[in-house]
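Below is one structure, written out as structure tokens, with a few remarks after it.
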Amino acid sequence: MTSTDLTRQRLALVVVCAATLMTVIDETVVAVALPSIEHDLGFARSQLPWVVNAYLIGFGGLLLVAGRVGDLVGRGRVLLVGMSVFTLASVLCGLAQDPTWLVAARFVQGAAGALATAVALGMVAALFDEPAARDRAMGTYAFMGALGASTGFVLGGVITSALDWRWAFLVNLPIGVLVVAIGLRVLPRESGPGLRGGVDWLGGALLVVGLMTLVAAILDSSLVLAVVATASLVGFGARQGVAEVPVLPLEVFRSRVMTVANLAFACFVGAMFTFQFTVTLHLQEVLGLGPAQAGLGILPIAAGLAVVATLVFPRVVGRFGTMTPMVAGLSLVTAGLALLTRATADGSYVTDLLPSVVLFAVGGGLTLPAMMTTAMSAAPAQHVGVASGLLNTSQQAGGAVGLAVMSAVAAHVSAGALADGASRADALVDGFRVAWAGAAGLAAVALVLAAVGLRRPAVAASPDPVSCGRSD
């Protein structure tokens, strides 16, 4: 390989990693800006989770379709289209004038992020033929994902404090333009059979509509939307049984391990997003911290999780297999969430939150790669790509639905406490405590599913780098 080819190869890796970094950061960058967004755009508290959930639904709902499109028309093209739309949607988020505008732009941003992310791992593998070079590239890719999850909280807090929450989105404009410009020059010009090769657009649409209306039904307590969600999701399942090229081949669910692992993963991620969302609000609206301080307060969750997943887990799994760290991790997460229920309005970060932050970081760092390794090890060779997409979809859908349920319950409890004469801080804490108890319940369900449904010979394998990178 000539020096020019080597430079081109490395620049292509930079483009792929930068695209992934941007999509991961935008999952968490809004977390500490939520109170400012709520105030500036007039969000109702019960509707505030849409700022997070619209992104998750757009992202998770289209991952499977995006991967298929990449195979048909070329991964480089799909990544560049995804990044271009992602950048434009980021600008629209930054210019939003009302809640509907922001939520719609966040959905488009998530859908575009799915286009870029769904093809990223395949591009890394295709760029590097030599095993050692491929391993280094995969390590770099995984690190960028972990970095994005860790820095999103701090970046959002610093930008919101120093400038305005809008700049957390607008900063993507120059970065996105640069990534696309370089990508046009260095990414491989792949080709495929074209869209005539078959894409289950109807199945993809039913999945997105089902997830969107399910979250809306939960947040709005709407029976009509619940019926639409049920019909859409049932229709999606039926469609996958008859589609010529299904988005999600139903035979993957013949594996008990894969089915249970995805259910447990969805429950765990639902607990995780509830934790991040409510703790961020508690730091600012109850403890009175500024956005930058709140970002630093929640940083140990993502940073600790990334360190444990990348440095501790590989050693533990090599000695004990995947079940031991999975059960231990879920036990720590459940305990951490349960501890939060003792928080008070006049407490402090160190006494009320930090112990749970530490437990969640360590437990999550063991749980995420253990679940992913277990699920992927059960995938038949012909369905490895589908299994990876399903796992990522379970992550996004579980986070969106879990957060919708727990935030709706928290808002209802807080409203009731206010009506009974409680102070705003006490009312908020009452709601948060119920949400944390519910999240602990979700983690406990994941623990039972793992302990009972995933008992099998230990799998001593390295975690999937992409999935670990998207663990926030």
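Can you tell me which residue within segment 3-46, out of those that are of a type in the set (Lys, Arg) and touching a residue at least 60 places away in the same chain (Cβ under 8 Å), is nearest to LEU281 (Cα to Cα)?
ARG45
Going by what's in this entry, would LEU184 be described as surrounded by fewer than 19 Cβ atoms within 10 Å (Cβ to Cβ), in contact (Cβ under 8 Å) with a residue 60 or more places away in the chain and not in a loop (DSSP other than H, G, I, E, B)?
Here the answer is yes, as LEU184 does meet what is asked.
Quick one: in segment 90-118, which of the residues that are more than 19 Å from VAL15 (Cβ to Cβ) and small (Gly, Ala, Ser) is surrounded by the fewest Cβ atoms within 10 Å (Cβ to Cβ)?
So the residue we want is ALA104.
Quick one: what pairs do we get from segment 85-99, first residue under 14 Å from VAL29 (Cβ atoms), second acidic (Asp, Glu) and part of a helix (DSSP H, G or I), C-beta under 7 Å, 6+ apart or different chains?
none
A quick yes/no check of all residues on (1) in the same structural domain as LEU48 (by TED's automatic domain parsing); (2) part of a helix (DSSP H, G or I); (3) surrounded by fewer than 24 Cβ atoms within 10 Å (Cβ to Cβ):
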site	(1), (2), (3)
HIS282	no, yes, no
GLU285	no, yes, yes
LEU289	no, no, yes
VAL308	no, yes, yes
PRO325	no, yes, no
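Select, from GLY74, GLY42, GLY58, GLY70, the only residue that is within 18 Å of the chain's Cα centre (by Cα) and either surrounded by fewer than 24 Cβ atoms within 10 Å (Cβ to Cβ) or small (Gly, Ala, Ser) (or both).
Within the list GLY74, GLY42, GLY58, GLY70, the selection yields GLY58.
For segment 291-306, enumerate the residues that are crowded, with 22+ Cβ neighbours inside 10 Å and either in contact with a Gly (Cβ under 8 Å, 6 or more places away or on another chain) or of a type in the set (Asp, Glu) (or both).
Matches in segment 291-306: PRO291, ALA294, GLY295, ILE301, ALA302, LEU305, ALA306.
Only one residue in THR87, THR28 is among the hydroxyl-bearing types (Ser, Thr, Tyr) and modelled with pLDDT under 85, so which one is that?
Among THR87, THR28, only THR28 is among the hydroxyl-bearing types (Ser, Thr, Tyr) and modelled with pLDDT under 85.
Would you check if GLY58 is modelled with pLDDT under 90, assigned to a helix (DSSP H, G or I) and either within 24 Å of ALA216 (Cα to Cα) or aromatic (Phe, Trp, Tyr) (or both)?
For GLY58, the condition - modelled with pLDDT under 90, assigned to a helix (DSSP H, G or I) and either within 24 Å of ALA216 (Cα to Cα) or aromatic (Phe, Trp, Tyr) (or both) - is met.
Looking at segment 22-42, which of its residues are among the aliphatic types (A, V, I, L, M), under 12 Å from GLY157 (Cα atoms) and outside any loop (DSSP other than H, G, I, E, B)?
Once the filter is applied, which keeps residues that are among the aliphatic types (A, V, I, L, M), under 12 Å from GLY157 (Cα atoms) and outside any loop (DSSP other than H, G, I, E, B), segment 22-42 yields ALA31, VAL32, ALA33, LEU34.
All but one of (1) surrounded by 21 or more Cβ atoms within 10 Å (Cβ to Cβ); (2) closer than 24 Å to GLN276 by Cβ; (3) in contact (Cβ under 8 Å) with a residue 60 or more places away in the chain hold for VAL51; state the number of the condition that does not hold.
Among (1) surrounded by 21 or more Cβ atoms within 10 Å (Cβ to Cβ); (2) closer than 24 Å to GLN276 by Cβ; (3) in contact (Cβ under 8 Å) with a residue 60 or more places away in the chain, the lone unmet condition for VAL51 is (3).
Would you mind telling me which numbered condition in (1) modelled with pLDDT of 90 or more; (2) farther than 14 Å from ASP26 by Cβ ILE175 fails?
Unmet for ILE175, out of (1) modelled with pLDDT of 90 or more; (2) farther than 14 Å from ASP26 by Cβ: (2).
With respect to PHE320, determine if the residue is out of contact with any helix residue (DSSP H, G or I) (no Cβ under 8 Å at 6 or more places or on another chain) and more than 13 Å from GLY363 (Cα to Cα).
Spelling it out, PHE320 is indeed out of contact with any helix residue (DSSP H, G or I) (no Cβ under 8 Å at 6 or more places or on another chain) and more than 13 Å from GLY363 (Cα to Cα).
Any idea which of LEU354, LEU339 is surrounded by fewer than 17 Cβ atoms within 10 Å (Cβ to Cβ) and either modelled with pLDDT of 90 or more or under 22 Å from ALA266 (Cβ atoms) (or both)?
Selected residue: LEU354, the only one of LEU354, LEU339 that is surrounded by fewer than 17 Cβ atoms within 10 Å (Cβ to Cβ) and either modelled with pLDDT of 90 or more or under 22 Å from ALA266 (Cβ atoms) (or both).
The values are calculated or read from the model by the stated rules, or taken from the named source; none is laboratory data. Just so it is clear, the structure is predicted and the values come from calculations on it, not from any experiment. Every residue, glycine as well, gets a Cβ built from its backbone with ideal geometry; the counts of neighbours run over all protein chains shown.
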